[in-house]
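Comments concern the structure below.
The values are calculated or read from the model by the stated rules, or taken from the named source; none is laboratory data. These numbers were taken from a predicted model, which means no experiment stands behind them. Note that each Cβ is placed from the backbone with ideal geometry, even for glycine, and that neighbours are counted across all protein chains shown. Protein only, heavy atoms only, side chains kept; ligands, DNA and RNA dropped before computing areas. Shrake-Rupley method; radii C 1.70, N 1.55, O 1.52, S 1.80 Å.
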Amino acid sequence: PRLPKKVEHPLKILDKKSPSPLNGDEWKRTYKNNPPEVWKQKFWEMFDPKGWALWVCRFKYNHENEKQFMCANAIGGFVQRSDAMRKWAFGTMFVTGSEACLPIEISGCWLMRGDTVENLTEANDDALCYTWTKIDHTSAAGRALVEEYWTADVDGFLEGKLVTDGKLFL
């Protein structure tokens, strides 16, 4: 008996049909192995807006967040459940605020292959709990937002709010 043919990941098909000069693995190595002043410049030189898109995500139910540790668990789980996108995505997820410093909010900034978040929502249905907004990479404000998210760290500030947890999706 013949085994059913394995269905190729839609982004693998996109890679074949419309190759991008931006190699996700190369970008991740650049980010991980260089200080921000180096990787920021290299990213904008490497970025291919025809093959990749930048997104900011905000949890739709931030008004319900009451416990910081639960939000920290949520972003850890989100990153873990996004594993099927590892070859085609890079992102940061953060929790800002705490019980002592309300509101507690979850947000993130992602680079994804293609021009839609559909592949991420198929890989991780938790992505449906977020509002996804495409970032205008041609604007100074858009570039600044990406750089702010990708340089933010715990105990620092993000969009003027105290960062209490963060996760990196490499």
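Can you find a residue that is in a helix (DSSP H, G or I) and over 19 Å from the mean Cα position of the chain (by Cα) anywhere in the stretch 17-30? Looking for residues that are in a helix (DSSP H, G or I) and over 19 Å from the mean Cα position of the chain (by Cα), one finds at least one in the stretch 17-30, hence yes. For the stretch 51-65, what are the residues that are within 18 Å of the chain's Cα centre (by Cα) and in a loop (DSSP other than H, G, I, E, B)? Within the stretch 51-65, 51, 60 meet the criteria. Can you pull out the residues in the stretch 4-34 that are closer than 21 Å to residue 116 by Cβ and of a type in the set (S, T, N, Q)? Of everything in the stretch 4-34, those that are closer than 21 Å to residue 116 by Cβ and of a type in the set (S, T, N, Q) turn out to be 18, 20, 23. Sort out which residues of the stretch 126-143 are open to solvent by 40 Å² or more (accessible area, probe 1.4 Å) and over 17 Å from residue 58 (Cβ atoms), and write them in order of number. 137, 138, 140, 143, listed by residue number.
Scanning the stretch 51-74 for residues that are closer than 19 Å to residue 155 by Cα and touching a residue at least 60 places away in the same chain (Cβ under 8 Å) yields 68, 71, 72.
For residue 29, the test of being within 22 Å of residue 107 (Cβ to Cβ) and either in contact (Cβ under 8 Å) with a residue 40 or more places away in the chain or of a type outside the set (Phe, Trp, Tyr) (or both) is failed.
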